[in-house]
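A.B. asks: Structure provided below as structure tokens; questions to follow.
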Amino acid sequence: MNATLEAVTLDILDSCRELSLATLMADGNTQSDVVCFVHHGLDIYFATGRDSLKIANIERNPQVSFCLYKPYTEWPEIKGLSGHAFAEILSDESAERSLAIRLLDARFPDAWTRVPEHGSSRTTIVKLESWAIKVLDYSRGFGHTDIVTIPSKRR
């Protein structure tokens, strides 16, 4: 990914607080959920209940899709991402889980007051490791997109 495209991608991730996550259910249908997220570079993290349907879907098939868009008022301002990723449920003892919780605490300081099991084994952290991202940037023309393939150890 070139430096300009990476800067646009990171700006979009910095500007958004929620993303729509699509997973595959046991019956073959897709499920879409909105999750609050943080990122460290291109790695995306979110917290969810360990017994959620999202987790059951990810355990069955870790390939997911996501999309997010910056708020806009005019068409030329539209910027967003849609991507394909591998979802990984982080182990409770991992350093990466601790990093994600610190990032979540910083970005959403009041959210954890509503989640009494914060940091416990009832809350889990999921990492999204993208392998392809479509960067939508209308400032470069109506519907302009760049597709970025990201090397992944899983593909």
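Read the figures in this text as sums done on the coordinates, not as results from a lab. What you see is a predicted model; the values in this text were computed from it and never measured. Cβ: placed from backbone, ideal geometry, glycine included. Neighbour counts: every protein chain shown.
A.B. asks: Hey, rough spin-label estimate for Leu53 and Met1, points 7 angstrom out along Cα→Cβ, what's it come to in nanometres?
C.D. replies: The two pseudo-label positions are separated by 3.0 nm.
A.B. asks: Still on this structure: At a Cα cut-off below 14 Å, give the aspartates and glutamates reachable from Lys127, other chains included and same-chain residues fewer than 8 away excluded.
C.D. replies: Cα-Cα hits under 14 Å: Asp43, Glu59, Glu88, Asp92, Glu96.
A.B. asks: Ok, one more. Assigning unit charges at the beta carbon (Lys, Arg +1; Asp, Glu -1) and nothing else, what dipole magnitude in debye, to the nearest 20, does the stretch 3-149 show about its Cα centre? Kindly include the intermediate steps, with their values, before the conclusion.
C.D. replies: Details: 14 positive and 21 negative charges, 30 e Å.
Taking the Cα centre of the stretch 3-149 as origin, the dipole is about 140 debye.
A.B. asks: Another question, if that's okay. For the chain, take the longest principal axis of its alpha carbons; what is the angle in degrees between that and the long axis of helix 3-15, to the nearest 10 within 0 to 90?
C.D. replies: That helix lies at roughly 50 degrees to the long axis.
A.B. asks: Still on this structure: Grab every C-alpha pair in the chain, bin the distances at 10 angstrom width from 0 up to the longest one, and report whole percents.
C.D. replies: Once binned at 10 Å, the Cα pair distances of the chain give 10, 39, 35, 14, 1.
A.B. asks: While we're on this one: Can you tell me how much longer the chain between Glu74 and Ser139 gets when fully stretched, taken as 0.36 nm per residue apart minus their C-alpha distance, in nm with one decimal?
C.D. replies: Numbers: separation 65, 0.36 × 65 = 23.40 nm, distance 1.02 nm.
Between Glu74 and Ser139, full extension yields 22.4 nm more.
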